[in-house]
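Let me begin by presenting the structure, written as structure tokens, before commenting on it.
The values are calculated or read from the model by the stated rules, or taken from the named source; none is laboratory data. All values derive from a computational prediction rather than experimental measurement. Positions of Cβ are generated from backbone atoms using ideal geometry, with glycine treated the same way; all protein chains shown enter the neighbour counts. Side chains are part of the model used for accessible areas, which takes the heavy atoms of the whole protein and leaves out ligands, DNA and RNA. Shrake-Rupley method; radii C 1.70, N 1.55, O 1.52, S 1.80 Å.
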Amino acid sequence: MSTVVEVKDLTKRYGNLIAVDGVSFSVEEGEVFGVLGPNGAGKTTTVEIIEGLRKPDSGEVRVCGIDALREPARIKDLIGVQLQATSLYDRIRVKEAVDLFGGYYRKAIPTATLLEEVSLTDKQGSYVDGLSGGQRQRLALALALVNDPGVVFLDEPTTGLDPQARRNVWSIVRSLQERGKTVILTTHYMEEAEQLCGRVAIMDLGKVIALDRPSALVAAAGLQSTIELTAVPETLRSALVEADLPGRISEDGDQMLVYTAKPSHVLKEVTRIAADRDIDLESISVRRATLEDVFLALTGKQLRE
Amino acid sequence: MKILGRQVMLEMRLFLRRKDDLFWTVAFPVFFIVLFGLIYGDMQWDFVDLRAIEYIMPGIVVMALMTSGIMATASGFVEERERGIYRRLSLTPLKRHTILGGQLVQRYIVILVQTALLLVVGVLAFNISIQGNPLWVWLVVTLGALCFLSIGFLLTGLIKTARAANGISMVVFFMLMFLGGIFFPTEMMPDFLRTFSGVLPSTSLNDVFRAVIIMDLGAGEIWRELLIAGGWSVGSLLVAVRLFRWE
């Protein structure tokens, strides 16, 4: 495996605001790398610097061994980019748009193949301004792939899409990975990062605050499992808090969350304490802790508001 | 060169699909030449030895050039810039001067077609006699294209939003049209207005076109107007280059 994208000490200021504050990471060939964080965390600015759309105040960017800040023109044939909001001429047809972009590159994937891949074959004669959000996003994906790039950047590829359209995009990303492409995607959906990404960089306030495989991030935060109890009576709540369970308890009204590495042990204890007091638990569930929980644990705030 | 050709085709295709551009650049000028042709018929004005429609027609050509050079250019470019199209294109190997080249060539072609169309309508429908040497006519129309395209691109550097671009380019267009002696001779204006009107590019090009297309005068007789139009072209071009922005 070789390093395809390398970012070192990237910094970008806008007036008093530090949008990107010393960001470093590297992405290996064939990886699906996620940049996860809330809106305004600096994800888009970071990837747009790598793509050559913005100039950083300091730092280094190498793409496929090329100094992307010094020679941005040389990386254009190697990368494909889907911007957060892709805008095209409104009076252009789907097929024309793909043909047009293909013509800008030295080599291009045949338009029919690309349209097939993003399931837009039956829309090829439609004007761009008549497409739905999901169709537009898939067209943007097709345009990002038209030069058969080794590295693909997807900036919030599923924001604003319905669940079905989101799953379509996910399956395209998976097929890209199967073909050995490197994918760098930004998202503020933790589920998306968990589903798609081999490694995830969590960003907040312009900094990378954690970077690892999703499962390792969850483990490192000591949050292997979450036991969720709802409608817990007051007496049981105090009993559980005093019970010295092997895990961390957080209460929210009559709902309790127990983060633990020993879920079956905690579960047994909880049911025993409840049964001893002759209390029936209305709802109890065990789930794996998610990146959402990691973000909460690291920053004390929710990923999505 | 091949890529430039493709860009020109793209711009032309987009242009033909924009109904508002087509209306302003084709229907609007043709409507006016037909309207004036019907109003004036064979009427003469007393201050000049030309039929009224012959006097008016070169001004309609100026107006047509302004619809392409100023209105379509300023609003089209600012809108595409605002939509982020140039930003997306900058991620491809396409060179920015090729984008610009495609637009300029396409607009120039439209301008030549507009001019030819108006001349044909004038000759066939209203019996206007065209005296000018075709090469000389082509040269002055090209000067007009350069002048108004420069002004159009200058406006794109000053205007941020597509909404503003539509409004401002329309105001500039109508000012240059009414003060440029296109609907009525500048001879009818009061002196102070006439002086102001005299230095406008629309007025000078109107006079140049009339002298060249209808009256077949040589450069020696219209050097002052040529100088004004040339000055506007060069001046606007320089400022346009300075103010030009892609984002």
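Counting charges near A:Arg62 (Lys, Arg +1; Asp, Glu -1) among other residues having Cβ under 11 Å from its Cβ returns a value of -2. Note on the stretch A:133-242: Cα-only Rg and Dmax are 18.8, 64 Å.
Tell me, what is the percent relative contact order of chain A, built from C-alpha pairs under 8 Å that lie six or more residues apart?
19 percent
Mean-square fluctuations from a GNM of chain A, with a 10 angstrom spring cutoff on Cα atoms, peak among A:Ala216, A:Ala41, A:Ala73 at A:Ala73.
Counting lysine pairs in chain A whose alpha carbons fall under 16 angstrom apart, excluding pairs fewer than 8 residues apart on the same chain, gives 13.
Given a 1.4 Å probe, how much area per residue of the stretch B:2-243 is accessible, in Å²?
44 Å²
Springs between Cα atoms under 10 Å define the GNM used for chain A, and in it the highest mean-square fluctuation of A:Leu205, A:Leu267, A:Leu143 occurs at A:Leu267.
The Rg/Rh ratio for the stretch B:1-92 is 1.18, where Rg is the radius of gyration of the alpha carbons and Rh is the Kirkwood radius. Suppose we look only past 18 Å in the calculated P(r) of the stretch A:77-145. What percent of the Cα-Cα pairs does that tail hold? Counting pairs separated by more than 18 Å, the tail of P(r) holds 27 percent. Pairwise Cα separations in chain B fall into 10 Å bins from 0 onward with the following percentages, short to long: 7, 31, 36, 18, 6, 1, 0. Interface between chains B and A: roughly 2300 Å² of accessible area buried, both sides summed (probe 1.4 Å, protein heavy atoms only). What the phi angles of the stretch B:208-218 give under the Karplus curve with 6.51, -1.76 and 1.60, with θ = phi - 60°, is a coupling list of 4, 4, 5, 5, 7, 6, 8, 9, 6, 8, x Hz, glycine and proline written as x.
Charges were assigned to the Cβ only: +1 to each Lys and Arg, -1 to each Asp and Glu. The resulting dipole of the protein assembly as shown about its Cα centre is roughly 1340 debye. Compactness of the stretch B:97-205 was expressed as the Cα radius of gyration divided by 2.2 N^0.38 Å, which yields 1.23. Amide H contacts for A:Gly80 (H built 1.01 Å from N in the peptide plane; partners 5 or more residues away or on another chain; cut-off under 5 Å): A:Val151, A:Val152, A:Phe153.
Where in chain A are the DSSP H helices whose alpha-carbon span along the long axis reaches 27 Å or more and whose Kyte-Doolittle mean is at least 1.0?
Answer set is empty.
Working note: 222 nm ellipticity from helices only, DSSP H runs with n ≥ 4, each -39,500 (n - 2.57), summed and divided by the residues of chain B, gives -23000 deg cm²/dmol to the nearest 500.
3J(HN,Hα) along the stretch A:208-224: 7, 9, 6, 8, 5, 5, x, 5, 5, 5, 5, 5, 5, 7, x, 10, 3 Hz, from the Karplus curve 6.51 cos²θ - 1.76 cosθ + 1.60 with θ = phi - 60°, whole Hz, x for Gly and Pro. Which percent of the Cα-Cα distances in the protein assembly as shown go past 40 Å? Of all Cα-Cα pairs in the protein assembly as shown, 45 percent lie more than 40 Å apart. What the Cα convex hull of chain A gives, in volume per residue, is 155 Å³. Taking only the Cα atoms of the stretch A:153-305, the ratio Rg/Rh comes out at 1.07, with Rh defined as the Kirkwood radius.
Across peptide A:81-87, the mean count of Cβ atoms from other chains lying within 10 Å of each residue's own Cβ comes to 4.
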